[in-house]
Structures are given as C-alpha cells and as structure tokens.
Amino acid sequence: MKGETEEVYRSRSAEETLALGKALGGKLQAGDIVALAGGLGSGKTVFVQGLAAGLGTDPKVPVTSPSYTLVHEYPGPLPLYHLDFYRLSQPASALGLGLEEYFEGEGVTAVEWAEKFPELFPKATIWIKIERTNEEDRIIKIFDRPECLSPLKR
C-alpha cells in the first residue's frame, strides 16, 4: 500500500475477520510488516490467524497470541513473525526483541498492540485498526499512515 490509502471493512463474525486476514496474507511478500491496533478482544489475533492461512502456514500449527512470550515464529512458504507489544512499556523493550531483524527478515512480520510505539515502524508498514462495535461486529480499517490510529495512539 503506497501513498495515502485507507480501506474500511465491516466484519460480522470471527470467520469474516479471519477471511479478511487470509485475503491480505495472500497478497503479502517477504519483508512486509503489518501493524495491528485495537483493544482487548477486538480480533487482532484472529486477523493474524487469517494472515497465517493466507501465507500458507501449516493449518495444524495453532496461531496464538504471543502476549506472554512476546514473539511466535511460524514456518511456511513465507514465514510469519508474530509479535505482541501489550506487556511492553518502553520502546527500548520492543527494540530488544530484535525488531529490525524481524522487519528485514525473509518473512512477514505482524505486530499486535503496535499503536504503543508507532515510531518504531518503517514508513512502508501496513496498519490495521480493529474497532469492536458490539460482541460480534468489527470495523476494520487498513491504511498506511500511523496518524490514522487516533484515538488509539498512545
């Protein structure tokens, strides 16, 4: 996604969120970075599960939130590096994960809670903002500028 773009989708179920992630995953290339923003339970991990499916990750390998381990790596035709900034309080902690190596790696990097440190992401990052409208419905915005995170940006 180059230039100033924004696409807005409505998801009415986890299956639709998964399908949107899968569609995007099928278009990604090595070195692409997907930064996900949204509150607890908004569907970030479900979206990443879809990305993994679109990238060809083995469906027998469960894609789970890396909130406590901070990083999960999933092998496949195009590896997926799944990071989570939820428990981090300082940008230095995120850099300590080897962020540059993931960003410049041979796979796709997906980062949950990316809005905590938007300054760490390169300009070419694909930003995903997921907003819960009720128990099942979500508004999913895909854009290429971190300033669109407002009011999520910390």
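Residue exposure proxy: 138, 10, ordered by other Cβ atoms within 10 angstrom of their Cβ from fewest to most, comes out as 10, 138. Values (1) 20, 19, 15; (2) 74, 16, 8; (3) 24, 18, 14 are given for comparison; semi-axes √(5λ) of the Cα gyration tensor in Å, derived from the coordinates here, is the one labelled (1). The chymotrypsin sites (Phe, Trp or Tyr not before Pro) of the stretch 28-125 meeting both criteria, a DSSP state outside H, G, I, E and B (loop) and at most 12 other C-beta atoms within 10 angstrom of the site's C-beta, are 68. The helix-only estimate of mean residue ellipticity at 222 nm for the chain, built from DSSP H runs of length n ≥ 4 each weighted as -39500 (n - 2.57), is -6000 deg cm²/dmol after division by the residue total. Spin-label model, residue 136 to residue 13: label points 7 Å out along the Cα-to-beta-carbon direction sit 0.7 nm apart. How high is the relative contact order of the chain, given as a whole-number percent (alpha carbon pairs under 8 Å, six or more residues apart)? Relative contact order here is 34 percent. Over 19 Å apart at the Cα level, from the set 22/123; 22/116; 44/141; 22/60; 27/60, are 22/123; 22/116; 27/60.
Of the GluC sites (Glu not before Pro) found in the stretch 1-108, those that fall in a DSSP loop while having at most 15 other beta-carbon atoms within 10 Å are 4, 104, 106.
FYI, it's all coordinate maths here, none of it is from the lab. Please read these numbers as outputs of a predicted model, since none were measured by experiment. Neighbour counts are summed over all protein chains in view; Cβ atoms, including those assigned to glycine, are modelled from backbone coordinates with ideal geometry.
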